[in-house]
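In what follows, a single structure is set out as structure tokens and then discussed.
The values are calculated or read from the model by the stated rules, or taken from the named source; none is laboratory data. Keep in mind the model is a prediction, meaning the values are calculated, not measured. We place every Cβ from the backbone using ideal geometry, glycine too, and count neighbours over all the protein chains shown. When the accessible area is computed, the model is the full protein with side chains, heavy atoms only, and any ligands, DNA or RNA have been set aside. Shrake-Rupley method; radii C 1.70, N 1.55, O 1.52, S 1.80 Å.
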Amino acid sequence: MDTTIEDTADAVRLLGGEVLAGSDADGADRYGGWLLALVGAALPDRGRVLVAGRHDDSLLTALADRGLAVDLVLRNLPDARAARTRLAASGVRVLCGGLDRLPPDGSGYAAVIALDDPAALYGPDSPPRRWADTVALLAALAAPGAPALLLVRNGLGLDRLTGVAAASDTDVPPGLAAVRTALAAAGLRTGSVLAAYPGLVAEETALAAAGDGVASLVAAACLPGPAPVLTDPAPLARDAVRHGLGVALAPAWVVLTCRADDDRPTPTAAPTARPGIVLADRGVPDFWAVPQLLQRDADGGWRRAPLSADTAPRALDHLTRDPSTLDGPVPAGVPLRDLLVAAAAADDLVTARELVRAYREWLLADGTDGDWRAVWAGDETGHGPLAAPGKAVADLSGVLLGPDGPALADPSWSTTLAVPVDLVFLRALQRFCYELVAGGHRHPWPVGVSPDRLAVTLAATAGVAVSARDLAAAAAYAVHLDEPRAPADGGDAKRYAELRERWSADPGHGTVPPTGYAEAVRLVGSLTAELADARAQIRWLDDSVAERDRRLGELGTLRRSVTYRIGYLFTFPFHIGIRLLRREMRRLRS
Amino acid sequence: MNHQNHWYGHAHVFARYCGLRTPPRIRGFVQHGWNIHDGYGADDPPPPGVPRLVWSDGPRRRGIAAGAGNYRVIGAPFAYLLAMADAAATPGATGVAARANPGTADPAVRATPGVTGLAARANPGTPGPAARANAGTAAGRAARPGTEPVRRGTIFYPFHGWEAQAIFGDHRALAAEIAAREEPPVTVCLYWMEFRHPQIREMYESFGFRVITHGTRGGHYQGTDPWFLDKQLAELRAHRRVGSNRLCTALLYGAAAGCEVGVYGDPMLIENENPAYGGNARVRRLWPEMHAPAVDRRVSDAVAAEELGRRYVAPPAEIADLFGWTRDDAPAGAGRARDEALVG
């Protein structure tokens with residue numbers, strides 16, 4: 001194995017068909033070393049492995065750490081040079097060019113891994129190739145009987161169902177059965193098939209009888225990004241899993257295959273008899289991420305364990321994370337956020353009130369009284385019930401409501417800050433209300449309500465009155481809390497804090513346009529209904545004012561009536577008396 | 001939003017529940033009586049766009065089915081009164097109001113000191129029939145928090161008309177039936193209009209009944225008795241049974257206040273009834289179990305709890321937020337201090 005670090009472009013072997021400029025790095029998450037928790041057993045322990053296309057560095061270093069020689073093929077030269085520099089220490093050999101230019105490696109690779117889009121394996125110098133041809137090419141590169149790990153896009157996956165730009169893909173086989181047939185035609189025998197969601201890969205059997213807990217995990221993996229979609233994929237993902245379609249509707253499949261020209265056993269994923277799900281733990285910088293393997297228990301529950309043996313606590317600023325707490329049974333239950341979204345959609349305010357109260361009571365349950373200093377804003381000090389360090393970090397998505405009451409979904413996070421319970425409570429509500437409004441979810445409150453205003457209403461359901469200062473403090477706390485683990489742009493908490501300035505100045509800015517078309521259409525419907533109501537109300541108020549004007553006018557004619565005049569005549573001396581008395585009083589006072 | 005919110009002192013009950021002395025304007029239209037329609041009079045629907053604050057889910061469902069919207073089920077004002085009374089009766093406070101408002105002084109305790117005394121203070125100008133009716137009753141005794149009143153006899157509410165609709169029926173025959181069925185003492189509670197008729201009053205009195213009224217309903221913010229419901233609750237709690245010749249609001253109040261329920265006698269006719277309601281026959285079809293001289297307590301408790309929306313009772317802060325009773329609805333804007341909420 002070559003362990004010399006050569007930071008030169010020459011160290012990249014050119015195959016022909018290279019793309020000389022630009023980059024294929026699109027910022028998307030790629031499959032990393034965490035995937036090996038499920039597929040590692042199918043890979044050999046020695047020999048040379050081909051990795052074709054873009055993958056996370058952690059996958060390549062993990063393969064190298066197993067003692068495998070790794071060949072990485074990228075079509076783009078700047079990407080290949082950068083990869084060479086990054087991966088030099090691990091001894092990964094980087095080759096650049098079209099996959100079709102890769103010469104056979106003697107007797108063939110001991111394993112082939114291709115988890116990138118097949119189109120990204122060739123440059124414009126190569127003629128376009130169909131999916132089946134690429135598979136055949138990869139199969140030909142593998143040694144007889146060697147495993148090949150392939151990513152197959154699902155032509156009818158959730159991303160295709162919810163994407164605005166997704167067109168029908170006739171290149172990939174229609175459905176899993178057709179994939180198996182096509183692979184067989186390419187000389188590959190299919191073993192395990194894994195459902196591949198962003199940051200989550202699950203064995204077929206793990207999703208087959210998954211409960212609400214796993215459905216929520218898959219939904220969380222499908223949260224929509226900033227790009228427009230037809231509809232929010234997360235609820236669809238949850239329903240897919242609950243209806244037993246978690247594999248059929250996965251955006252892609254990771255298929256374990258091997259060359260059929262050998263009678264060695266077909267590679268399967270499961271290292272043990274227990275079906276597993278592997279979580280990449282996306283959404284936080286690598287420093288914090290704790291990829292985990294979830295496996296079904298003998299009694300139908302789930303157990304989880306961090307993939308890395310290094311479970312030493314991590315700390316940065318006030319935030320700490322202890323991966324060792326993630327080793328054990330997965331708490332059962334559904335995230336409070338999902339329950340509250342469902343209650344709002346069903347107009348069920350009694351349940352919403354109960355959920356908010358349950359959350360607050362849970363926060364107060366093991367809170368201790370103590371002093372706090374608002375390092376997040378203004379350095380104010382105070383005394384009162386403080387939230388437990390773990391609970392202070394979690395928002396409503398991170399709290400599961402199970403049969404034994406609320407529990408932390410991820411107890412590994414904690415903060416050294418002393419935070420009042422009410423601030424934690426309000427920050428969680430703000431966050432939830434923002435997701436509710438921005439997600440375009442149906443809710444019973446006025447359309448166009450700002451998340452801050454909605455947070456006030458929700459806090460009131462637990463009997464908590466919230467002031468404007470509290471709202472600002474909660475937003476500042478959210479920013480401070482997330483600072484150590486936020487992405488470079490500051491993250492959601494920072495965006496929220498900036499947005500609320502606008503809402504405060506003009507409540508009309510409350511409506512955050514949803515990215516889902518279905519949600520937007522629903523919002524337009526609600527706004528139209530509200531506008532019609534408002535117009536009708538204006539008309540009604542206008543009529544009421546006109547009617548009152550008329551009655552006031554009638555009062556004006558009273559003085560001209562005969563009755564008034566007769567009455568005035570009789571009471572005239574009295575009027576004069578009062579007037580004189582008043583004048584006298586004024587004189588005396590001055 | 002509408003003067004009907006003040007009828008029977010409903011707005012005042014909510015105000016006291018939220019710890020306020022007088023009710024600010026309510027942003028919305030509170031259902032003013034038990035209703036088998038969409039929560040409101042078929043001839044007098046709320047203005048468009050105004051939040052419909054109804055007692056129970058039935059009116060909401062009927063309203064939604066008829067194309068109306070903007071409903072919020074909050075429970076009846078009487079349910080709030082009961083919540084306050086419960087909270088006051090339980091020192092150490094596990095009641096709704098007390099639990100919901102841990103930070104501030106318990107509004108119920110602040111709001112309900114000795115019912116009769118405050119009523120007189122709050123309503124100095126109008127002794128009227130209410131004060132007369134209340135003189136020498138069990139009300140004061142029953143209203144004292146924490147003491148389970150001695151319940152005796154029956155309170156009967158003959159079906160009443162109102163300012164715009166008269167009633168046709170034979171009060172004498174009804175009185176005779178009450179006398180035949182009920183053990184004395186019997187109290188007959190009349191609507192204030194009927195109470196003003198000496199003939200009707202004296203007719204009931206001739207049967208040995210005590211005749212009272214709970215006060216005036218009010219209209220256009222004038223003549224409302226802010227303690228109407230408190231008086232009614234006190235009277236109900238002083239009786240073992242509550243009766244009427246129709247299933248009506250007062251009967252449900254009685255059931256919720258712990259009385260046994262009886263519905264019997266000529267249901268009488270109301271002038272010019274809107275066909276949208278379906279008549280009393282519809283009420284009998286919907287709640288046949290509630291039409292008996294002595295209704296099973298479990299049945300009447302369940303029906304009253306549902307129709308008065310007791311499970312929908314919201315904490316004071318939520319009511320203040322919903323009614324627009326906080327200092328300012330919108331979160332703080334530039335240069336405006338809105339830190340102190342009016343409520344909470």
Legend entry - Once exposed loop GluC sites (Glu not before Pro) are cut out (DSSP; at most 16 other Cβ, 10 Å), longest piece of chain A: A:7-379
Inset, instruction - Compare each residue of segment A:464-484 in its chain alone against the assembly with all protein chains, and report those whose accessible area goes down by 20 Å² or more; 1.4 Å probe, heavy atoms. - result: A:465, A:467, A:468, A:469
Legend entry - Within segment A:334-514: Cβ-based charge dipole about Cα centre, in debye rounded to nearest 20 (Lys, Arg +1; Asp, Glu -1): 280 debye
Legend entry - Angle in degrees between helix A:421-438 and the longest Cα principal axis of chain A, rounded to the nearest 10: 80 degrees
Inset, instruction - Take the alpha carbon atoms of segment B:239-317, find their center, do the same for segment A:416-448, and report the distance between the two centers in whole angstrom. - result: 41 Å
Inset, instruction - Specify the angular offset, from 0 to 90 degrees and rounded to the nearest 10, of the alpha carbon long axis of helix A:451-461 from the longest principal axis of the alpha carbons in chain A. - result: 70 degrees
Legend entry - Lys/Arg +1, Asp/Glu -1 at C-beta; segment A:9-309 dipole; positive extreme among A:151, A:38, A:126: A:38
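With +1 assigned to the C-beta of every Lys and Arg and -1 to the C-beta of every Asp and Glu, and no other charges, what is the dipole magnitude of segment B:127-306 about the Cα centre in debye, to the nearest 20?
With only Lys, Arg, Asp and Glu charged at Cβ, the dipole is about 400 debye.
Using only DSSP helix segments of four residues or longer, with each worth -39500 (n - 2.57), what per-residue ellipticity at 222 nm results for the protein assembly as shown after dividing by its residue count and rounding to 500?
-11500 deg cm²/dmol
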Inset, instruction - Run the dipole for the protein assembly as shown about the Cα centre, Lys and Arg Cβ at +1, Asp and Glu Cβ at -1, nothing else charged, and hand back the magnitude in debye, nearest 20. - result: 4320 debye
Inset, instruction - With a 1.4 Å probe and every protein chain left in place, work out the accessible area per residue of segment A:135-240 in Å², rounded to a whole number. - result: 37 Å²
Inset, instruction - If a/c stays under 1.5 just call it rounded; otherwise compare a/b with b/c (prolate if a/b is bigger, oblate if not). Do that for segment B:127-306, with a ≥ b ≥ c from the square roots of the Cα gyration tensor eigenvalues. - result: rounded
Inset, instruction - Return the value, in Å² to the nearest 100, of accessible area buried between chains A and B (probe 1.4 Å, both sides summed). - result: 2300 Å²
Legend entry - Qualifying chymotrypsin sites (Phe, Trp or Tyr not before Pro) in segment B:210-266, DSSP loop, other Cβ atoms within 10 Å at most 15: B:221
Inset, instruction - Using only Cα atoms, find the angle between the long axis of helix A:233-242 and the longest principal axis of chain A, and express it within 0 to 90 degrees, rounded to the nearest 10. - result: 70 degrees
Legend entry - Protein accessible area in segment B:228-328, 1.4 Å probe - carbon and sulfur %: 51 percent
Inset, instruction - Ignore the peptide's own chain and count Cβ atoms of other chains within 10 Å of each Cβ in B:316-325; give me the average, rounded. - result: 4
Inset, instruction - Could you check what % of the DSSP bridge pairs in the protein assembly as shown are antiparallel, to the nearest 5? - result: 60 percent
Inset, instruction - Give me the accessible area per residue for segment A:528-589, probe 1.4 Å, as a whole number in Å². - result: 96 Å²
Inset, instruction - Report the one residue of A:214, A:135, A:92 whose Cα lies farthest in the direction of the positive end of the charge dipole of segment A:80-228 (charges on C-beta: Lys and Arg +1, Asp and Glu -1; origin at the Cα centre). - result: A:92
Inset, instruction - Run the accessible area of chain A with a 1.4 Å probe and give the carbon-and-sulfur part as a rounded percent. - result: 57 percent
Legend entry - Residues in segment B:33-52 that, when all protein chains are in place, have 30 Å² or more less accessible area than the chain alone would give (probe 1.4 Å): B:47, B:48, B:49
Inset, instruction - Return one quarter of the surface area of the convex hull spanned by the alpha-carbon atoms of segment A:9-309, equal to its mean projected area, in nm². - result: 15.4 nm²
Inset, instruction - Please work out whether segment B:240-306 counts as rounded, prolate or oblate from its C-alpha gyration tensor, where a ≥ b ≥ c are the square roots of the eigenvalues and a/c under 1.5 means rounded, while otherwise a/b larger than b/c means prolate and anything else oblate? - result: prolate
Inset, instruction - For the protein assembly as shown, build the charge dipole from Cβ charges (+1 Lys, Arg; -1 Asp, Glu) around the Cα centre, then report which of A:400, B:71, A:20 sits farthest towards its positive end. - result: B:71
Inset, instruction - Send over a whole-number figure in Å² for the accessible area per residue of segment A:334-514, probe 1.4 Å. - result: 38 Å²
Legend entry - Net charge, residue A:63 excluded, C-beta distance under 13 Å - Lys, Arg +1, Asp, Glu -1: -1
Legend entry - Inter-chain Cβ neighbour average for residues A:529-542, partner chain, 10 Å: 3
